[in-house]
1. Compute the accessible area per residue over the chain, keeping the other protein chains in place, probe 1.4 Å, unit Å².
2. Hey, which of these cross-link pairs are over 25 Å Cα-Cα: LYS54/LYS99; LYS8/LYS70; LYS96/LYS148; LYS70/LYS137; LYS97/LYS182?
3. Give the value in nm², to one decimal: projected area of the alpha carbon convex hull of the stretch 81-176, averaged over all directions.
4. Based on the Cβ-Cβ distance of THR163 and TYR41, what FRET efficiency does E = 1/(1 + (r/R0)^6) give at R0 = 35 Å, to the nearest 0.05?
5. Please sort 107-115, 81-89 by packing, taking for each peptide the average over its residues of neighbouring beta carbons within 10 angstrom, highest first.
6. Net charge around ASP59, counting only other residues with Cβ within less than 14 Å of its Cβ (Lys, Arg = +1; Asp, Glu = -1)?
7. Multiply the residue gap between ALA66 and LYS80 by 0.36 nm, knock off their C-alpha separation, and tell me the result in nm, one decimal place.
8. Short version: ³J(HN,Hα) in whole Hz for each residue of the stretch 102-113, in order, from phi by Karplus 6.51 cos²θ - 1.76 cosθ + 1.60 (θ = phi - 60°), x for Gly and Pro, what are they?
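The values are calculated or read from the model by the stated rules, or taken from the named source; none is laboratory data. The structure displayed is predicted, hence computed values, not measured ones. All Cβ positions, glycine included, derive from the backbone under ideal geometry; neighbour counts span all protein chains shown. Just so you know, the surface numbers come from the protein's heavy atoms only, side chains and all, with ligands and any DNA or RNA stripped out. Shrake-Rupley method; radii C 1.70, N 1.55, O 1.52, S 1.80 Å.
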Amino acid sequence: MTKTELRKTYKALRNDLSENDIDDFSLAISNQLLILPIWEYSFYHIFLAIAEQKEVNTDYILNILAGKDKNTLISKSDFKTGGMTHFLLTDNTVIKKNKYNIPEPVDGIEITNDKIEVVFIPLLAFDKQGNRVGYGKGFYDRFLADCKTETIKIGLSFFEAETEITDVFDGDIGLDYCVTPKGVYLF
């Protein structure tokens with residue numbers, strides 16, 4: 001399927017999920033993450049879920065990161081440039097939703113891409129080759145292209161892998177792992 005077809009299909013599938021489904025699946029995903037060999041690093045970038053889009057609730061992962069005393073980073077999106085600025089999440093971080101309902105830090109301690117070691121990535125769908133489909137704005141492709149090549153890229157998905165995304169291009173940044181409620185894909 002193409003990215004456009006997959007976006008439509010998976011938005012509809014996510015829309016059919018109940019709040020209990022989202023909560024149960026998000027908890028299962030966070031438990032699956034615990035088996036990955038990723039916990040020796042220091043700087044972890046994570047997204048804050050857009051509840052209206054029924055994204056994976058990352059609160060459980062945030063709790064794991066806090067419990068392991070990791071540096072957790074969250075982003076602020078610039079829709080004019082298509083870029084993202086990353087800030088250290090602290091007890092003092094003020095978070096507000098932007099006009100697209102994306103929870104973002106108001107300000108804080110900025111951290112550069114070269115410090116980021118692990119990135120948890122929101123997505124709508126992915127395939128067995130580690131390609132992913134997001135909302136189509138390219139924010140994560142631009143962000144990941146500026147990270148170190150050894151930065152670990154982990155997709156989080158409520159659903160299992162598609163066989164193939166047919167319209168992948170060179171600028172698409174693939175995943176190292178994708179974690180679902182049922183298991184872990186390694187690419």
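1. Values: 9670 Å² over 187 residues.
Per-residue accessible area for the chain comes out at 52 Å².
2. On the way: LYS54/LYS99 17 Å; LYS8/LYS70 36 Å; LYS96/LYS148 29 Å; LYS70/LYS137 29 Å; LYS97/LYS182 31 Å.
Check vs 25 Å cut-off fails for LYS8/LYS70; LYS96/LYS148; LYS70/LYS137; LYS97/LYS182.
3. Numbers: hull surface 28.5 nm².
The directionally averaged projection comes out at 7.1 nm².
4. Details: r = 32 Å, r/R0 = 0.90.
Computed FRET efficiency for THR163 and TYR41: 0.65.
5. Ranked by mean Cβ neighbours within 10 Å, highest first: 81-89, 107-115.
6. Net local charge, ASP59 excluded: -4.
7. 1.8 nm
8. Karplus-based 3J(HN,Hα) across the stretch 102-113 equals 8, x, 9, x, 5, 6, x, 8, 6, 10, 7, 4 Hz.
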